[in-house]
Amino acid sequence: MSMAATTEAPEPWYLALLGFAEHFRTSSPPKIRLCVHCLQAVFQFKPPPRVEARTHLQLGSVLYRHTKNSELAQTHLEEAWFISQEIPQFEDVKFEAASILSEFYCQQNLVDSAKPVLRNAIQISQQTPYWHCRLLFQLAQLHALEKDLVSACDLLGVGAEYARVMGSEYTRALFLLSKGMLLLMERKLSEVHPLLSLCGTIVENWQGNPIQKESLRVFFLVLQVTHYLDAGQVKSVKPCLKQLQQCIQTISTLHDDEILPTNPAALFHWLPKEHMCVLVYLVTVMHSMQAGYLEKAQKYTDKALMQLEKLKMLDSNPILSSFQVILLEHIIMCRLVTGHKATALQEISQVCQLCQQSPRLFTNHAAQLHTLLGLYCISVNCMDNAEAQFTAALQLTTHQELWTFIVTNLASVYIREGNRHQELYSLLERINPDHNFPVRRFLRETLKMSNAEDLNRLTACSLVLLGHIFFVLGNHRESNNMVVPAMQLASKIPDMSVQLWSSALLKDLNRACGNTMDAHEAAQMHQNFSQQLLQDHIAACSLPEHNLISWTDGLPPVQFQPQNGPTTSLASLL
């Protein structure tokens with residue numbers, strides 16, 4: 001926070017103390033104790049209310065940002081807010097005090113104290129466009145963090161209308177896009193479509209600062225791309241994704257030193273361009289993974305994680321850790337598909353460490369973490385642990401798609417165990433209570449849908465399963481028509497489990513048809529895949545992090561005991 005002097009002619013003693021305080025604050029390293037002493041000395045001179053309020057704000061800010069003395073920080077921030085409300089034409093100090101005090105309350109988990117401060121400040125800031133918009137964003141964010149998305153959307157709607165009246169179409173678009181993001185999170189798709197359509201028009205028609213215009217386009221396109229990906233429309237999203245990638249390239253060539261907007265209501269930006277760049281990598285990884293281009297997903301994950309490491313050296317913004325966790329969650333799933341379980345386990349451990357450092361991150365990602373551990377447990381054939389992990393995950397999520405994903409994986413555990421029919425049927429009842437879809441058409445429909453949207457993994461899994469069914473029914477020709485393309489697709493992804501399954505089927509098919517040479521070739525292929533999986537299985541189970549499979553409650557453990565070696569059966573893998 002800048003420690004500029006008041007607008008009145010300041011006393012020499014005040015300027016001297018302020019100068020010393022600022023000198024100590026900006027020293028390398030900062031001398032915070034001396035800075036605080038200088039600011040506290042101001043009160044010895046019985047300063048006028050404006051100086052008193054500003055000094056309380058400066059002291060509260062310094063103590064909050066640079067020390068652990070939260071009690072004293074709170075006292076000074078509350079004094080600054082209390083005194084400044086009585087002083088006319090003192091908007092900057094008054095609203096900055098309200099903003100920082102609310103931020104402080106939230107950090108101390110005193111959310112119910114923060115809300116009335118922000119509401120009061122919003123009410124009295126209508127003649128100060130910058131602060132009115134900023135405080136509306138802040139209160140909306142607070143409601144969103146509490147999962148009260150209805151209140152957050154209402155506030156963003158109020159902000160959008162206020163920005164329109166104040167003549168800032170740029171800030172209006174920011175409010176509307178933020179609202180669109182929350183509506184997407186709520187799955188209110190009937191409201192999302194007209195809102196995104198309106199946003200698209202505003203963004204295209206707005207003529208202003210090139211960086212601001214392009215950042216609005218990035219925000220808009222990110223929402224569009226995630227909307228498509230949420231619906232599994234991997235093929236339909238490609239034009240939007242391409243636009244987004246071109247947009248981020250344009251932004252990276254623009255200079256930040258553009259002229260500041262003249263309208264105070266437009267003094268906002270969505271994200272720094274370095275953060276936007278990571279975000280575009282992230283949605284590209286999401287797309288590559290859903291489409292089954294796992295090597296491409298790996299390439300963009302590596303780029304994004306390198307960028308994040310550089311940014312985190314200079315920037316402590318919590319959004320960077322969120323990006324990092326989401327990227328790791330995606331790449332862990334890729335590793336499990338491509339047969340790199342040991343690497344996946346080490347990356348799960350990285351997510352645990354990141355969640356250890358941030359309670360909010362852990363709250364938001366605990367269910368996903370247990371789900372990933374459940375998938376790892378399946379891959380190393382620890383079915384009891386897989387069941388425990390999925391059960392823990394189910395208790396931690398209300399998210400419909402994640403819930404369905406967990407339950408279907410739990411069903412696969414019951415199927416593999418072979419003696420859990422009752423639990424399996426009750427789970428299937430929960431997944432599809434209406435029985436409104438004829439079972440005999442499931443695989444055909446899945447194949448049709450996955451083909452239409454280039455969902456390669458889903459296509460490969462459907463083909464190999466159909467091939468297996470035809471083989472059991474004795475229809476060898478139809479089985480071969482399914483298994484051969486399944487194998488080709490699985491090699492392209494690459495999906496180790498489908499390759500293993502396909503090669504086993506091809507071996508049996510060729511034997512049944514008397515094709516000795518082809519059967520021998522398929523058997524050799526199957527042997528190679530089995531060996532790769534076996535070596536990776538041993539490596540994963542020997543890691544100390546393998547003990548994470550036993551963690552089902554509370555924060556993840558920090559220390560891991562070393563393993564003596566794998567304790568799980570390999571029979572079902574091979």
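Observations, loosely collected:
- Which listed residue, of 345, 311, is touching an Asp or Glu at 6+ places or on another chain (Cβ under 7 Å), part of a helix (DSSP H, G or I) and within 26 Å of residue 65 (Cβ to Cβ): 311
- Conditions (1) crowded, with 16+ Cβ neighbours inside 10 Å; (2) over 21 Å from the mean Cα position of the chain (by Cα); number of the one not met by residue 235: (1)
- Of all residues making up the stretch 336-370, the number that are among the small types (Gly, Ala, Ser), farther than 18 Å from residue 294 by Cα and over 17 Å from the mean Cα position of the chain (by Cα): 1
- Condition broken by residue 20, with the remaining ones in (1) open to solvent by 60 Å² or more (accessible area, probe 1.4 Å); (2) assigned to a helix (DSSP H, G or I); (3) closer than 24 Å to residue 128 by Cβ satisfied: (3)
- Filter result (over 12 Å from residue 93 (Cα atoms) and under 38 Å from the mean Cα position of the chain (by Cα)) within the stretch 37-59: 59
- Of 152, 163, all but one fail to be under 25 Å from residue 209 (Cβ atoms), among the aliphatic types (A, V, I, L, M) and buried (at least 21 other Cβ atoms within 10 Å of the Cβ); the exception is 163.
- Per this entry, residue 485 is not counted among residues that are within 24 Å of residue 294 (Cα to Cα), open to solvent by 20 Å² or more (accessible area, probe 1.4 Å), outside any helix (DSSP H, G or I) and out of contact with any Cys (no Cβ under 7 Å at 6 or more places or on another chain).
- In the set 57, 63, 101, only one residue is more than 23 Å from residue 16 (Cα to Cα) and at pLDDT 85 or above; that residue is 101.
- Residue that is nearest to residue 262 (Cα to Cα), among those in the stretch 189-212 that are at pLDDT 90 or above and open to solvent by 30 Å² or more (accessible area, probe 1.4 Å): 205
Table: residues versus (1) touching a Cys at 6+ places or on another chain (Cβ under 6 Å); (2) open to solvent by 50 Å² or more (accessible area, probe 1.4 Å); (3) in contact (Cβ under 8 Å) with a residue 24 or more places away in the chain.
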{"site": "264", "(1), (2), (3)": "no, yes, yes"}
{"site": "277", "(1), (2), (3)": "no, no, yes"}
{"site": "286", "(1), (2), (3)": "no, no, yes"}
{"site": "296", "(1), (2), (3)": "no, yes, no"}
{"site": "302", "(1), (2), (3)": "no, yes, no"}
{"site": "317", "(1), (2), (3)": "no, yes, yes"}
{"site": "327", "(1), (2), (3)": "no, no, yes"}
{"site": "348", "(1), (2), (3)": "no, no, yes"}
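- Subset tally (residues that are assigned to a helix (DSSP H, G or I) and either in contact with an Asp or Glu (Cβ under 8 Å, 6 or more places away or on another chain) or within 30 Å of residue 169 (Cβ to Cβ) (or both)) for the stretch 262-285: 15
The values are calculated or read from the model by the stated rules, or taken from the named source; none is laboratory data. All of these numbers come straight from a predicted model, not from anything done at the bench. So basically every Cβ, Gly included, is an ideal-geometry build from the backbone, and we count neighbours across all protein chains shown. Each accessible area value is taken on the protein alone, full model and side chains, heavy atoms only, with ligands, DNA and RNA left out. Shrake-Rupley method; radii C 1.70, N 1.55, O 1.52, S 1.80 Å.
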